[in-house]
Amino acid sequence: MTATDGKGPSPFTRVTQSWAHLDPLAALRTPDDPPWDVYLTGTVFLDIIFTGLDSAPVRGTESWARGMGSSPGGVANMATALARLGLRTSLAAAFGDDHYGEYCWDVLQQGEGIDLSTSRTVPGWHSPVTVSMAYEGERTMVSHGHEPPPEEPAPDCPPRARAAVASLTPGRSAPWIAQAARTGTRVFGDVGWDDTGAWDLAGLTDLRHCEAFLPNAEEAMRYTGTGCPRAAAHALTEYVPVAVVTLGAEGAYAVDRRTGESAEVPAIAVEALDPTGAGDVFVAGFVTGSLAGWPLADRLAFAGLTAALSVQDFGGSLSAPGWSEIGAWWRRVQSVDGQDPAALHRYAFLERLLPAAARPWPLQRAVPTIGFGRSG
């Protein structure tokens, strides 16, 4: 199935919390619910993204990019994706007290409605920065930053939440993950590249607290010692109830040990402008479907769809789609002649979720420079 490209409103539009958007958990909410749907913690970067490069920069030459955008990055990618899907999201992070930190805080709290009550501004600490260059469907990144002062941005007792997204670190545990799991929070774990080269699942000590684990194919195969990502997913269910393995251009594969379900969904073909943060958006989509109680295949399809929509705009966080964009995609794709009926049927579950008509949600987009549109 293909997706047509559609751009949002002006990137300088101020987004407020008065927009109307779909609440995927509306039917499940009760007065005794935790205050937050999802809690997460990590490092917020300022991302500066260059696109429109014909090739990788060559040593000793100057390359000009045809496009550029700036937006919050790092853990902000995941937090924004969750909030734009209607989940009440709480983020604990350290922010620099420079202009970059002020910009990121303002975008996340005022623009996206993310709770930052457990976050902090660190005097004299500059914000970490990542420069990302997108070309040939891939990206190359250069980052700079320093660890914030020893005070841990994550509180000793994380707030009550339905779910938490945790980035697992080989050889190191994070006490908040076990604390969250003990209070009934459903923990979804992702992981980065193991620079130690050990690829030892025993080193991911917090995996035992997770309901789901979402590595990519290469990570899954290395951790399990298998030569096939689907076999790796099944092997991972010995350690965690739900294993989801992303397969790049082939889509994703998932196994649920508790129900015996397995599901595979192909990727949606799109013309990618910037792949930054697509993995975070995929996780956010899967978490949303899981909390809403959708079948495994629907969760997987929704995660892939949101990730595909995200790569058509600049920036890892501000490229994340909202429900208005998801609805617009579903209406457009049904009107394209020659669509595979089986592919359309795969996404038919969206019909019962999306309202018949929705007021457009003015999503904020990555901008070439910081400072436009500020009052005072």
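Yes/no per residue for (1) in contact with a strand residue (DSSP E or B) (Cβ under 9 Å, 6 or more places away or on another chain); (2) modelled with pLDDT under 90; (3) exposed (fewer than 13 other Cβ atoms within 10 Å of the Cβ); (4) on the phi < 0 side of the Ramachandran plot:
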position	(1), (2), (3), (4)
Leu22	no, yes, no, yes
Ala27	no, no, yes, yes
Asp33	yes, no, no, yes
Gly42	yes, no, no, no
Ile49	yes, yes, no, yes
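Residues checked against (1) assigned to a loop (DSSP other than H, G, I, E, B); (2) under 16 Å from Ser167 (Cα atoms):
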position: Leu207; (1), (2): no, yes
position: Glu218; (1), (2): no, no
position: Tyr223; (1), (2): no, yes
position: Thr226; (1), (2): yes, no
position: Ala235; (1), (2): no, no
position: Val240; (1), (2): yes, yes
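How many residues does the stretch 34-73 contain that are outside any strand (DSSP E or B), touching a Pro at 6+ places or on another chain (Cβ under 7 Å) and of a type outside the set (Gly, Ala, Ser)?
Initially, the stretch 34-73 is screened for residues outside any strand (DSSP E or B), giving 34-35, 42-43, 52-66.
Now restrict to residues that are touching a Pro at 6+ places or on another chain (Cβ under 7 Å): 35, 43, 63.
So of that shortlist, the ones also of a type outside the set (Gly, Ala, Ser) come out as 35, 43.
Looking only at that region, the number is 2.
Does the stretch 291-307 hold any residues that are in a helix (DSSP H, G or I) and open to solvent by 10 Å² or more (accessible area, probe 1.4 Å), and which are they?
Leu291, Ala297, Asp298, Arg299, Gly304, Ala307, listed by residue number.
Kindly provide the set of residues from the stretch 167-188 that are open to solvent by less than 60 Å² (accessible area, probe 1.4 Å), among the polar types (S, T, N, Q) and part of a strand (DSSP E or B), ordered by number. Show your work before the answer.
If we filter the stretch 167-188 for residues that are open to solvent by less than 60 Å² (accessible area, probe 1.4 Å), which is where we start, we get 168-170, 174, 176-181, 184-185, 187-188.
With among the polar types (S, T, N, Q) added as a condition, the list becomes 169, 179, 185.
The one that is open to solvent by less than 60 Å² (accessible area, probe 1.4 Å), among the polar types (S, T, N, Q) and part of a strand (DSSP E or B): Thr169.
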Inset, instruction - Considering every residue within the stretch 124-138, establish whether at least one is open to solvent by 80 Å² or more (accessible area, probe 1.4 Å), outside any loop (DSSP other than H, G, I, E, B), within 29 Å of Ala56 (Cα to Cα) and touching a strand residue (DSSP E or B) at 6+ places or on another chain (Cβ under 9 Å). - result: no
Inset, instruction - Determine if the stretch 319-338 includes at least one residue that is more than 30 Å from Gly184 (Cβ to Cβ), touching an Asp or Glu at 6+ places or on another chain (Cβ under 9 Å) and either surrounded by 20 or more Cβ atoms within 10 Å (Cβ to Cβ) or not charged (D, E, K, R) (or both). - result: yes
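The values are calculated or read from the model by the stated rules, or taken from the named source; none is laboratory data. Predicted model only: the values in this text are computed from it and were never measured. For neighbour counting, all protein chains shown are included, and Cβ atoms are generated from backbone atoms with ideal geometry for every residue, glycine included. To get the accessible areas, we keep the full protein, side chains included, count just its heavy atoms, and leave off ligands, DNA and RNA. Shrake-Rupley method; radii C 1.70, N 1.55, O 1.52, S 1.80 Å.
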